[in-house]
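Below is one structure; the comments refer to it alone.
Quick note: the coordinates plus some simple rules give every number you see, no bench work behind them. It should be emphasised that the depicted structure is a prediction, and the values quoted were computed from it without experimental measurement. Note: ideal-geometry Cβ built from the backbone for every residue, glycine included; neighbour counts use all protein chains shown.
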Amino acid sequence: MSQWLEYTQLGILVQGEQEYLICSSRASKKLFMFKSMGQVISEESRVAIALRHRNIHAAFCEIASNLTIHVGFEYARHTLQELLYVHLPLQESHLRTIAHSVFQALQHIYSHGLIHGQVSIRAIRVCRDDGRVVLADCDACKTSADDTDLEDLGLALLDCMEGAPRSATAAHVREQRTMYKVFGLSAPERWSASKQLIDFIDDLFSTQRSVPVKQPNHPNIMGDDYGTFRATVTKQLEVFSRNQEKLSKGPRETESELRHKLEELDAKFDALTEAMRRKTHSLMDSINKMQGTVAGLQAAMEVHCRWSEKVKDGYVQEVREALGVAGT
C-alpha cells in the first residue's frame, strides 16, 4: 500500500526555485511540506535530515517511488525573505531571537561534522504554530566546503535590519566597517542604540578568529578554537538577554510577536485571495451582461431589418399602384 494514502494532498507551494507539496496527515490532521530529493539521497543529506533540534526544520517521513524520493518536513510555510517582502519591520528583539535560534542550529550541525553552506533569509523559516525560528534546507549540508555559515548568518541579519534583501558581500561589509559605517545600511540611525547587536554581527564577520575544525569524526571537533568562539558568541547572546529573568524568556516573548505578525500576514493573503475571487466573479458577471446586451441588440437589429423590408415593399407597391403600373 502506498504511503501517500496516509496523506491528503492540499496543493503545491512554490518559493523561488523550490517546490513543496503541502499535505495533511489523515490520522493526526497535521500539515507537512514534502520536498522532492531526486532518485538518490546522499549520505551527507541523510545525516542532516536525521538531525533533531528545536531550531532545525524537522523531517518526519520519507516516501520513495520509482521516480523520486519525497521527504516530509514540519509545516513552516513562511521564510524571512517573505516577511521582508511584505514589509513587516523586525525589531532588535526579533533579530535577537533569529540570531540565537540559527546559531544554535549551526552549532548542532557543526557537532555532526557538517557545514550548512546555504544560510540566508530564504533558508530561515518561522513555524506558525509555536513561533520557532528554524534553519531549513539542511539536506544540502556538506562535510567539506568553504565555511561561510557565520558570515552568511551575519548577512541574513543585515538583510533583516535593512528590511529588504541586499546583494552585499562579506568583503563589502568589512570594508564598510573600516570606514566606520554601520555595515552600509541605508538607515543606520535606526540601529544607533543597538550596540550589542552591532558587536555581535561584527564578531560574525571577524577575520581574527581561527576557523573551527568541523571534519567528521575528528577528535577535536569540539576543540579549543570552536569552544572559544562558541563561548564568545554565547556571552554576546547572554548580554542580549541581561535584563530578562531567563535567556529563554526573551525568545518566547518575541515568538508570540512573530506569531501574531504571521497571523496578520496569513489574514492579508486570505483577504487578497478573496478580493481577487470577488473581482473575478464581478468581471465575469459584467462580461455575461455585455454578452446578453449584444445578443439583444443583434435580435433587435434583425427585427428592425425585417420591418424595414416590409415597409419598403409596401411603399413600392403603393407607388406603382398610384402610377398605374401593375405589380410583378
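The figures follow:
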quantity	calculated
Cα gyration tensor category, rounded, prolate or oblate, for the stretch 3-74 with a/c compared to 1.5	rounded
Rounded to 5, percent antiparallel among DSSP beta bridges of the stretch 53-143	90
Packing-based ranking, highest mean first, of 151-157, 17-23 given that Cβ atoms within 10 Å are counted	151-157, 17-23
Net charge, Pro188 excluded, C-beta distance under 11 Å - Lys, Arg +1, Asp, Glu -1	0
Trypsin sites (Lys or Arg not before Pro) lying in DSSP loop within the stretch 35-137, provided at most 12 other Cβ fall within 10 Å	Arg52
Packing-based exposure ordering (other Cβ within 10 Å, fewest first) of Cys138, Cys160, Cys61, Cys305	Cys305, Cys61, Cys160, Cys138
Estimated FRET transfer efficiency (Ser65, Leu283; beta-carbon r; R0 41 Å; 0.05)	0.50
Point-to-point label distance, Glu302-Ser167, nm (Cα→Cβ direction, 7 Å offset)	6.2
By average C-beta atoms within 10 angstrom, highest first, the peptides 4-12, 271-279, 110-118	110-118, 4-12, 271-279
Amide proton proximity set for Ala58, modelled H, under 5 Å, gap of 5+	Glu74
Label-point gap, in nm, between Met290 and Ser192 - each point 7 angstrom along Cα→Cβ	5.6
Over 31 Å between alpha carbons, listed pairs Lys30/Lys261; Lys261/Lys289; Lys35/Lys261; Lys30/Lys268; Lys29/Lys142; Lys195/Lys261	Lys261/Lys289; Lys29/Lys142
Order by protection proxy (mean Cβ within 10 Å, highest first), peptides 176-188, 64-76	64-76, 176-188
Virtual spin-label span in nm between Arg177 and Glu321, 7 Å along Cα→Cβ	10.9
Spatial separation of Cα centroids for the stretch 43-107 and the stretch 261-298, in angstrom	36
